[in-house]
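Just so you know, all these numbers are worked out from the coordinates, no wet-lab data involved. Keep in mind the model is a prediction, meaning the values are calculated, not measured. Cβ atoms come from the backbone with ideal geometry, glycine included; neighbour counts cover every protein chain shown.
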Amino acid sequence: MPHGLTVLILSMLLGLQPVTTDLYLPALPALTEGFGASMAQAQLTLTALLLAFGLSQLIWGPLSDRFGRRPILLVGLSAYVLASIGSTMAATMDTLIVWRTIQGAAMGAAVMCARAIVRDLYTPLQGARIMSKGLSGLGLTACISPPLGGLLANLFSWRASLLVLTVFGAASLALIALRFRETLPQKNLQALQPVSLLRTWLTILRNPTFIAYAMLSMASYGGLFTFLASSSFVFIKVLGLSTTDCGLLIFSGAFTYLLGTFLCRRLLARFDVRRTVAIAAVLSLSGGTLMGVLAMAGWHSSWAIMPAFCLFMLGHGILQPCSHSAAVGPFPQSAGAASALNGFLMMLVAFLIGNWLGTHMDGTIFPLVYGIWFWSAMVALVAWTLVQRQGRRSESRA
């Protein structure tokens, strides 16, 4: 496939995640009131989706190593489109949660295959650069999604926001069906055998490079998910903003993430992955700490939250391409399984955060602020210890 087509496919597949999670966020309070549901139930439309997203990757990964990326993408995206239609037409909150869970499981095929495709075609360092381009496309999608979701919720209803997911999923399915060519160089005929699969997972989980970069992915995504799961309630219910204003604020964070992916490529042109990660961690920790200090000082407004969060997101835009590529890098023959495990661990953290927020949102900004501050500290801890130690060991062996 041409290089530009590969980047477009990666952008569409990776962009499925922010479309699915971000686009309906400004409409989440209205959706909750419309069904007469609790805040915990509303959070479940997101956390159940992400848990299914993470668990399903453990299945999609080995399947893609055995049968190839293309058939898994066709099956997963078809299921995603059907689940999107079901979500749009849901008559109760329980039905919506069921369809969102199926949607999350189907989304796992797309995102997992995207990360595996990068390892199929590129070395780890090249993969970080290509992944940053694909994540730039994700960032652009994430920029558009919240304002569009808020606008549609204002003009029509939350159902209009969910209908967009159907359109995006169908477009992704058409792109894969018409233009995607298989990237797996050699199918692993043993990938689905229980003993072989267990051995592969244990090998991956024992690899220090995977552990370091998977933990980095988890910590950085933990900060982002804390914001995603709580921002609409904080901005609309606590700070009194409109759904459109909420969408624009979420847009500003996504736009900063987009800038971070461009900055990632600039840094990788000058430094290796280890040093790039160390620089990004400074940005993440600075943003989380600034947000926490301002909140403790009594500055409870969107103007105090968003500049600090944008600083965190600038670091996130650098960390995600590096961590995803480096975590899968040591496993060219089992890239699907490694990508699946990395994705599963990230979504497990998201599920735990969502459950915690569902019971600890107390009508203040502090659950959001302290959550992001905590995860920014975890980013710095992992980036400045585990990643640096593993990087030095790799350099000494080379």
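Points worth noting:
- Each part gets one Cα centre, and for the range 175-210 versus the range 22-69 those centres are 24 Å apart.
- Listed residues S376, A30, L357: farthest to the positive end of the dipole of the chain (Cβ charges): S376
- Ranked from largest, the principal axis spans of the Cα set of the range 264-398 equal 51, 31, 22 Å.
- Cα-derived Rg over Rh, computed across the range 3-397 with Rh taken as Kirkwood radius: 0.95
- Qualifying trypsin sites (Lys or Arg not before Pro) in the range 79-185, DSSP loop, other Cβ atoms within 10 Å at most 15: R181
- Taking other Cβ atoms within 10 Å as a rough exposure proxy, L28, L151 sort from fewest to most as L151, L28.
- Normalised by the number of residues in the chain, the average gap of Cα pairs under 8 Å and 6 or more apart makes the relative contact order 28 percent.
- Environment charge at R129 (Cβ cut-off 14 Å; Lys +1, Arg +1, Asp -1, Glu -1): +4
- Chymotrypsin sites (Phe, Trp or Tyr not before Pro) within the range 293-351: DSSP coil, no more than 11 neighbouring Cβ in 10 Å: none
- Least to most buried among L345, L189 (fewest other Cβ within 10 Å first): L189, L345
- Footprinting exposure proxy for E33, E182 (fewest neighbouring C-beta atoms within 10 Å first): E33, E182
- Between D272 and any residue 5 or more places off or on another chain, the built amide H atoms are never under 5 Å apart.
- Cα gyration tensor shape of the range 152-243, rounded if a/c is under 1.5, else prolate or oblate by comparing a/b with b/c: oblate
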